[in-house]
Amino acid sequence: MHQPREWTLSIEAALVARARSGDPDAFRDLVEPFEHELLVHCYRMLGSLDDAEDALQDILLAAWRGIVAFHGRASVRTWLYRVATNRCLNALRSMNRRPPLHAPPAGLHPPAPSGASEIAWLEPFPDVLLEGLPAEPGPEARLEQSEAIRLTFITVMQLLPPRQRAVLILCDVLGFSAGEVVEMLSMTPDSVSSALKRARSKLRQRADDLERPPAPGSERERHVVARLAHAYETGDVDALVGVLADDVLVSMPPLPLEYKGRDLVAEFHARVTFREGRTYSIVPTRANGEPAFGAYIRHRAGGPRHALGLLAITVAGDRVSGITRFDTRVLARFGLSRALPPEQ
């Protein structure tokens, strides 16, 4: 049962008063309901779950130190988003995020990539961490919450200048008004309006290139993912080609290599992923509201199956438009091990 808003505000006011007097338990009760959504906000800003978790701890410490200056002119939630966004902007200014340069392993001869991504820090976000988020954003929101966590959206955010990124997320994802964002970021109304216009234009350019994905967990999505999984389980390049969109993009952070287009992606899989007759065991999961799976290399001689990594799948229409391979460091986030026991 929902409590009346007046009752909720009175409880919040009492907690604020106690926290301002130095009561850590009151501060914890005050901010704990917002920690989950603040983590997602930091992830949208930073593109890395590790960085988001570090930022959240810094934000909570800053909020504790600054609670004495909170006078209730905005809600606690708005105040926390102000602290969080500015801390993320500070973090972005101080981060060195140049992509590392890696030579391919000895004996491996991948085709020349179609491009090089600068977003080497990109990490997936487990769907389990999306459970329990507030269902309704503010009245100014223009984007669906499911859309605003997909890897395509997170990637576009990382390509925007930090303040454009912050303004778009605050306005179009979270639904804060332009006036609230002016106060939160200490910007002028004109600068907020300009940043929002530019960010929307860049997001629209990317979104217009993609078909709408099928509903999560739908029969259509399951069918597409099953076809892709079968290609990996059998090492079948032709089966892989049959499920790929013409402009499919394969990326593999932290490696900066990108392969775009069905023919080049097929060549990459033939020469690298499926080389020497490799096949894979597949363990399904979900990342960023989309299908994903852990891929484990089968060995003809038997023995443990070691992980290739986590494959996050972008589905557009009835085709796979993106495969993002994350290395084995992220597997634990999804409850996956780095190796499976031998097949029976």
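Brief remarks on what is shown
- Conditions (1) touching a Phe, Trp or Tyr at 6+ places or on another chain (Cβ under 6 Å); (2) of a type outside the set (A, V, I, L, M, F, W, C); (3) at pLDDT below 85; number of the one not met by Glu136: (1)
- If the condition is being under 30 Å from Ala312 (Cβ atoms) and touching a residue at least 60 places away in the same chain (Cβ under 8 Å), then segment 156-193 contributes Met157, Gln158, Pro162, Arg163, Arg165, Ala166, Ile169, Leu170, Val173, Leu174, Phe176.
- Looking across segment 170-185 at every residue that is in a helix (DSSP H, G or I) and of a type in the set (A, V, I, L, M, F, W, C), the one that is surrounded by the fewest Cβ atoms within 10 Å (Cβ to Cβ) is identified as Ala178.
- Being buried (at least 17 other Cβ atoms within 10 Å of the Cβ) and either outside any helix (DSSP H, G or I) or at pLDDT below 95 (or both) is true of Leu203.
- Considering (1) surrounded by 15 or more Cβ atoms within 10 Å (Cβ to Cβ); (2) out of contact with any helix residue (DSSP H, G or I) (no Cβ under 9 Å at 6 or more places or on another chain), the lone condition that Glu211 does not fulfil carries the number (1).
- Test: residue in segment 212-219 that is under 23 Å from Arg286 (Cβ atoms), of a type in the set (A, V, I, L, M, F, W, C), outside any strand (DSSP E or B) and more than 19 Å from the chain's Cα centre (by Cα): no
- Subset of segment 186-200 [surrounded by fewer than 15 Cβ atoms within 10 Å (Cβ to Cβ) and not in a helix (DSSP H, G or I)]: Ser186, Thr188
Results for (1) under 20 Å from Val182 (Cβ atoms); (2) surrounded by fewer than 16 Cβ atoms within 10 Å (Cβ to Cβ); (3) in contact with a Ser or Thr (Cβ under 6 Å, 6 or more places away or on another chain), shown as yes or no for each residue.
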residue	(1), (2), (3)
Phe27	no, no, no
Glu35	no, yes, no
Gly47	no, no, no
Glu53	no, yes, no
Gln57	no, yes, no
Leu80	yes, no, no
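- Residue list for segment 116-169, filter: basic (Lys, Arg), assigned to a loop (DSSP other than H, G, I, E, B) and crowded, with 16+ Cβ neighbours inside 10 Å: Arg150
- Enumerated helices (runs of 4 or more DSSP H) restricted to segment 1-113, each holding at least 3 residues that are at pLDDT below 90: 5-20
The values are calculated or read from the model by the stated rules, or taken from the named source; none is laboratory data. This is a predicted model, so every value here is computed, not measured. Heads up, the Cβs are rebuilt from the backbone with ideal geometry, glycines too, and the neighbour counts pull from every protein chain shown.
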